[in-house]
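Below is one structure; the comments refer to it alone.
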Amino acid sequence: IHAAIATGLWQKLPDLEIVEARVLFPGLADPDLLEWAAQQGYILLSSDRNTLIEFYKERLRENLQSEGLFILRPDVSMGAIIDDLVVIASASEGSEWENQINFLPFKKS
């Protein structure tokens, strides 16, 4: 994801734990990234609409637990994405997003 999204989230929610997995593990294959996130209890946020969704669906077909996947819609403002993520982080529990794929922002402006 764009660094501005992480920065915007930290400005609004300074206690939110954000890990930039692609920075920590450059070149990590999607299935391995999904497994790492599940083991660590992280919800993934990605702009990868090409392959990550299919690997996530494969995990679900194999009955492997996943914390959730948020896919960023193309051509939307970072502000709208940040606003949705702030609402999600403030008004829900992580378990509410388990084994789901959601697209952000929820409402395309």
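So here's what we get for this one:
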{"item": "MRE, 222 nm, helices only [DSSP H, n ≥ 4, -39500 (n - 2.57), over the chain, to nearest 500]", "result": "-13000 deg cm²/dmol"}
{"item": "Per-residue ³J(HN,Hα) for region 15-28, Karplus 6.51 cos²θ - 1.76 cosθ + 1.60, θ = phi - 60°, Hz, x for Gly and Pro", "result": "8, 5, 8, 10, 10, 8, 4, 5, 7, 5, 10, x, x, 5"}
{"item": "Angle in degrees between helix 78-91 and the longest Cα principal axis of the chain, rounded to the nearest 10", "result": "80 degrees"}
{"item": "Restricting region 40-109 to GluC sites (Glu not before Pro) in coil, as DSSP defines it, with at most 11 other Cβ within 10 Å", "result": "62, 93"}
{"item": "Accessible surface of the chain, 1.4 Å probe, proportion on carbon and sulfur as whole %", "result": "52 percent"}
{"item": "Gain upon complete extension [residue 2, residue 90; 0.36 nm per residue less C-alpha separation]", "result": "29.6 nm"}
{"item": "Surrounding net charge for residue 13, when Lys and Arg each add one and Asp and Glu each subtract one, Cβ distance under 13 Å", "result": "-3"}
{"item": "Extension reserve of the residue 17-residue 101 stretch, reckoned as 0.36 nm per residue once the Cα distance is removed", "result": "28.2 nm"}
{"item": "Hull shadow area, averaged, region 1-65 [alpha-carbon convex hull, nm²]", "result": "4.7 nm²"}
{"item": "For the chain, accessible area per residue (1.4 Å probe, heavy atoms of protein chains only), Å²", "result": "60 Å²"}
{"item": "Helix axis angle, 3-12 relative to the chain longest principal axis, alpha carbon, degrees", "result": "60 degrees"}
{"item": "Within region 8-98, trypsin sites (Lys or Arg not before Pro) in DSSP loop having at most 16 other beta-carbon neighbours inside 10 Å", "result": "49"}
{"item": "Segment residue 32-residue 64, length gained on full extension (0.36 nm per residue, minus Cα span)", "result": "10.3 nm"}
{"item": "Along each principal axis, Cα extent of region 68-109, largest first, Å", "result": "28, 19, 12"}
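The values are calculated or read from the model by the stated rules, or taken from the named source; none is laboratory data. Computed from a predicted structure; not experimentally measured. So basically every Cβ, Gly included, is an ideal-geometry build from the backbone, and we count neighbours across all protein chains shown. Only protein heavy atoms, including side chains, enter the accessible area calculation; ligands, DNA and RNA are left aside. Shrake-Rupley method; radii C 1.70, N 1.55, O 1.52, S 1.80 Å.
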